[in-house]
Amino acid sequence: MNWSKASAIAEILSSVAIFVTLFYLAVEVQQNADSTQAETRQAILSADQEFLQFMIEEPDLVLLRYKTHLDDIERVRLSFQLLTLVRMREINWIQHQNGILDDVTWHAYLGSVRAVLSAPQSRVWWKNYGVERIFDVKFISLVDELLAETPVFERSPHITAFD
């Protein structure tokens, strides 16, 4: 065998090795992306469960959203509850914008913003709190569009579901 044949065979083997390596790396990157998405969904689920558990332990906070007149303590409690939930969803929106959270999961979580901000006191909070100082402008626009097509509910769906 002459040197030119050996060189050609070596080049072919080298090309095959590079292709196999690139294929392996592509599979690894995809698995890493899938793992990151799964971890993100799990973290969101855990945060939601903690928030829901708190609402179970403090159901009066849910009812504050529908109360006609709030004293100062109730306003502070409700404000922090709404701030917590909307901030959680803003972070989810950022994750969605960055491709970490898929469309289906994001739209499912966006529904909680619609539900919570459909209450009368929640709408007052969203309108008057000064959200432009603390939330991303594009996220605010998204929520505003969502609320424009969402009616205000005078009673909690958690209560009317049993009517």
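The values are calculated or read from the model by the stated rules, or taken from the named source; none is laboratory data. These numbers were taken from a predicted model, which means no experiment stands behind them. All Cβ positions, even for glycine, are placed from backbone atoms using ideal geometry, and neighbour counts span all protein chains on display.
Within region 25-53, being touching a helix residue (DSSP H, G or I) at 6+ places or on another chain (Cβ under 8 Å) and not charged (D, E, K, R) holds for Thr40, Ile44, Ala47, Phe51. Residue count for region 85-107, restricted to those that are at negative phi, surrounded by fewer than 12 Cβ atoms within 10 Å (Cβ to Cβ) and out of contact with any helix residue (DSSP H, G or I) (no Cβ under 8 Å at 6 or more places or on another chain): 3.
If you go through region 58-82 and keep only what is surrounded by fewer than 19 Cβ atoms within 10 Å (Cβ to Cβ), assigned to a helix (DSSP H, G or I) and either touching a residue at least 12 places away in the same chain (Cβ under 8 Å) or touching a Gly at 6+ places or on another chain (Cβ under 9 Å) (or both), you end up with Leu61, Val62, Leu63, Arg77, Ser79. Only one entry of Gln42, Gln30, Gln81 meets the criterion of being polar (S, T, N, Q) and under 26 Å from Val131 (Cα atoms), and that entry is Gln81. Residue count for region 125-146, restricted to those that are in a loop (DSSP other than H, G, I, E, B), farther than 11 Å from Val86 by Cβ and touching a helix residue (DSSP H, G or I) at 6+ places or on another chain (Cβ under 6 Å): 0.
Here is the figure for region 125-151: residues that are loosely packed, with under 13 Cβ neighbours inside 10 Å and either small (Gly, Ala, Ser) or in contact with a Lys or Arg (Cβ under 7 Å, 6 or more places away or on another chain) (or both) total 3.
Return the only residue of Ser118, Ser122 being surrounded by 12 or more Cβ atoms within 10 Å (Cβ to Cβ), small (Gly, Ala, Ser) and not in a helix (DSSP H, G or I). Break it down stepwise before answering.
Numbers: Ser122 fails: not in a helix (DSSP H, G or I).
It is Ser118.
Does Val20 qualify as being at pLDDT 85 or above, of a type outside the set (Asp, Glu) and assigned to a helix (DSSP H, G or I)? When the stated conditions are applied, Val20 does not pass them.
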